[in-house]
Amino acid sequence: MQKPASTNGGKLKKSVRKDDGSWSDDDDDQTEVQEIPVHGSEEAPHDPHASEVAVDADGKKTEKDPVLFTQTPSAVARAKDMKARKKYPIHMREHVKTGGMTRYQSSSTSTLFVNSTPSAPDINDVLQSMATALYMHISSGHRVAEPKFIDIFNEEKYPISKKGNDTEVMPRIKIIYKFITTIFRVEKLPPECAILCLAYIERLISVTGLTLHASNWRRVLLAALILASKVWEDQAVWNVDFLSVFPSVTVQDLRVLEKRLLAYLEYNVNVTGGLYVCVLCVYLVCCVCVCCV
């Protein structure tokens with residue numbers, strides 16, 4: 001038990017009780033206690049970024065880095081869970097149950113582990129599937145003995161960039177994906193436009209026998225995407241809006257490109273619900289297979 005501290009010269013002294021029951025205020029036994037300033041006072045303003053001082057068992061003082069945001073146990077658990085899920089492909093992350101034995105959870109009548117549906121597709125999955133589908137077509141086109149080309153889509157005659165693109169080397173999926181995402185990000189297009197665009201490219205290949213190649217895939221994609229945006233959206237993107245992405249292309253070039261594409265499609269721009277779901281599901285499965293390999 002300690003007696004209340006007494007003051008002396010602005011300093012606080014702590015009285016210690018001896019073994020015989022008496023109290024001692026001798027200078028040898030007193031312990032000076034510094035006054036703790038109140039936060040917000042002029043003498044010692046509170047600094048939230050000040051480092052803490054820790055004393056170990058040997059009496060050594062070490063400074064600790066200031067902690068601005070203390071993570072709660074639940075936040076630490078969520079971060080650990082997300083780190084474990086990143087080991088799996090994107091389409092499997094929501095199906096994995098971490099902690100203890102890892103197992104896959106399947107969808108049921110009451111629970112669906114999906115991030116994308118035909119009515120509300122995930123734009124990242126759709127664009128990745130679109131890039132994978134185009135890569136598969138281009139890869140097949142480079143193996144064709146007698147390819148068929150159409151001049152209006154030839155990038156050697158009608159370049160879409162001043163730098164010029166390599167029209168002989170087959171592009172990687174990463175390059176195709178970057179090209180697609182740039183257009184969608186700048187023009188703020190919905191994911192449904194990508195599905196319609198793939199449907200029009202498939203229809204163009206089946207009707208004309210066009211060979212998708214490193215020299216024409218960009219112009220084919222651009223033409224199909226312009227048409228898809230006008231079919232899907234009530235307030236479609238104007239051709240002049242694409243000049244912000246392709247400054248070296250003229251409005252006249254885009255108008256002729258769109259007109260020729262419509263002629264090759266025989267002005268059939270209708271996409272039924274069954275075809276829409278078929279294109280979405282088939283290419284999502286293809287994307288999953290390529291990513292897993």
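Cα centroids of the stretch 251-270 and the stretch 133-198: 17 Å apart. With bins 10 Å wide starting at 0, give me the P(r) of the stretch 154-229 over every alpha carbon pair, in whole percents. With 10 Å bins starting at 0, P(r) equals 17, 51, 30, 1.
Computed over the stretch 187-236, the alpha-carbon pair-distance distribution with 5 angstrom bins reads 5, 22, 30, 23, 12, 7, 2, each value a whole percent.
With a Cα-only, solvent-free Debye model of the stretch 140-293, what are the log10 I(q)/I(0) values at q = 0.09, 0.16, 0.17, 0.18 Å⁻¹? The computed values of log10 I(q)/I(0) come out as -0.28, -0.96, -1.10, -1.26.
Residues in the stretch 204-214 carry Karplus couplings, in order, of 5, 5, 6, 7, 9, x, 5, 9, 6, 9, 5 Hz; the curve used is 6.51 cos²θ - 1.76 cosθ + 1.60 with θ = phi - 60°, and Gly or Pro positions show x. A crude spin-label estimate for the pair LYS162 and VAL251, with each label 7 Å from Cα along the Cβ direction, gives 2.1 nm. Ranking HIS213, HIS142 from most to least accessible surface, computed with a 1.4 Å probe over the protein chains only, gives HIS142, HIS213. Based on the Stokes-Einstein relation at 25 °C and a viscosity of 0.890 mPa s, and on the Kirkwood radius from alpha carbon pairs, the stretch 205-269 is assigned a translational diffusion coefficient of 195 µm²/s.
Relative contact order for the stretch 162-237: 40 percent, from Cα pairs under 8 Å spaced at least 6 residues apart, divided by residue count. Residue order by solvent-accessible surface for PHE149, PHE246 is PHE149, PHE246, largest first, with ligands and nucleic acids left out and a 1.4 Å probe. Here the stretch 115-187 was treated as a single set of alpha-carbon atoms; its pair distances binned every 5 Å from 0 give 3, 13, 18, 23, 21, 11, 7, 5, 0 percent.
Compared with the direct C-alpha span, the chain from PHE149 to GLU187 gains 10.8 nm at full extension, assuming 0.36 nm per residue. Of ARG219, ARG143, ARG203, the order by accessible heavy-atom surface (1.4 Å probe, DNA, RNA and ligands excluded), from most exposed downward, is ARG143, ARG203, ARG219.
The values are calculated or read from the model by the stated rules, or taken from the named source; none is laboratory data. This structure is a prediction, so every number in the text was calculated from the model and none was measured. Backbone-built Cβ (ideal geometry, glycine too); neighbour counts: all protein chains shown. Ligands, DNA and RNA are excluded from the accessible area calculation, which covers all protein heavy atoms including side chains. Shrake-Rupley method; radii C 1.70, N 1.55, O 1.52, S 1.80 Å.
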